[in-house]
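The values are calculated or read from the model by the stated rules, or taken from the named source; none is laboratory data. As the structure is a computational prediction, the values presented were derived from the model and not from experiment. No Cβ is skipped: glycine too gets one built from the backbone with ideal geometry, and neighbour counts run over all protein chains shown.
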Amino acid sequence: MRLLLFDIDHTLLSVRGGLGRSICAEAFRSVYGSDPTDVLRSYSFSGRTDRRIVGDLGVTLGIDAAVLDDGWNAYEDILRRRSFETITQNDVHVHPGVRDLLHALNDSGITLALVTGNQRDVARHKLAMGSLDDHFDMAGAFGCEHADRDLLPPLALERINARRLQEGRNPFGVTDTVVIGDAPPDIRCASVNGMRSLAVATGEFDVQALTDHGADAVLPDFSDTKLAIDLLLHI
């Protein structure tokens, strides 16, 4: 019995370079009155939740945490709206082997859900633009819910298990759960919660870096479907 919790950006797909940053900058500027463009040029989004990004920008730009919290709903609304208006199918690149892997996992009856730094509706939209949305149970955990990514896997597990219990099915345990991502925070959020991790080097970190950060398994990409499934089921 396995529960697989997937990251989205640079794990399953990538959005055209700079688009996410420009949407983030526009939303932040509109709500908080400060332009984060210069800060974002050297800021890494890898593994960070949307709430963490806003918090980091606020610290750098000298905006009080209470002000950031007060403006969050307005920021989230703009982020959602502009993502829907701006990100199209032409802007989304699905990484090698992802479609075959997801189809094979679905055919095997394995539960696939999300642990992503994206806001919930933006996550849905990105998956839809990559024609991947039908593969996932959306009772996962999302970047609009916590700044700390370490809190997301247990939240996803709790939600999925609550429904399984209602359906009279056995719940997943932490040792049944694998977090799949492309960055060190994906690996960490698995390990601190007693879960396994599989990292894929389709983002800014290569195989050696991901190995050094303690991933239980690392792949260069998902092009070898058989190997990926074997690792996901047995690590």
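In this structure, Ala190 does not qualify as touching a Leu at 6+ places or on another chain (Cβ under 7 Å), surrounded by 19 or more Cβ atoms within 10 Å (Cβ to Cβ), assigned to a helix (DSSP H, G or I) and not charged (D, E, K, R). For the stretch 1-46, a residue qualifies if it is of a type in the set (D, E, K, R), surrounded by 15 or more Cβ atoms within 10 Å (Cβ to Cβ) and modelled with pLDDT of 95 or more, and the qualifying residues are Arg2, Asp7, Asp9, Glu26. Residues considered: Gly117, Gly140. Of these, the only one that is of a type outside the set (Asp, Glu) and outside any loop (DSSP other than H, G, I, E, B) is Gly140. Restricting attention to the stretch 1-48 and to residues that are out of contact with any Pro (no Cβ under 7 Å at 6 or more places or on another chain), in a helix (DSSP H, G or I) and small (Gly, Ala, Ser), the residue that is farthest from Val200 (Cα to Cα) turns out to be Ser30. Within the stretch 24-54, if we keep just the residues that are within 17 Å of the chain's Cα centre (by Cα) and of a type in the set (Val, Ile, Thr), the residue that is nearest to Ala199 (Cα to Cα) turns out to be Thr49.
Evaluating Ala199 against the criteria (1) farther than 26 Å from Val94 by Cα; (2) without any contact (Cβ under 8 Å) to a residue 40 or more places away in the chain leaves one unmet condition, (1). Restricting the first member to the stretch 21-38 and to residues that are farther than 19 Å from Arg52 by Cβ, and the second to residues that are in a helix (DSSP H, G or I), the beta-carbon pairs closer than 6 Å and six or more apart or on different chains are Ser30/Ile78; Asp35/Arg29.
Put simply, of Ala183, Ala209 the only residue that is in contact (Cβ under 8 Å) with a residue 40 or more places away in the chain and hydrophobic (A, V, I, L, M, F, W, C) is Ala183.
The rows are residues; the columns are (1) among the charged types (D, E, K, R); (2) at pLDDT below 95; (3) closer than 30 Å to Ala65 by Cα.
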site	(1), (2), (3)
Cys144	no, no, yes
Leu155	no, no, yes
Asn170	no, no, no
Val174	no, no, no
Ile180	no, no, no
Asp186	yes, no, yes
Cys189	no, no, yes
Leu210	no, no, no
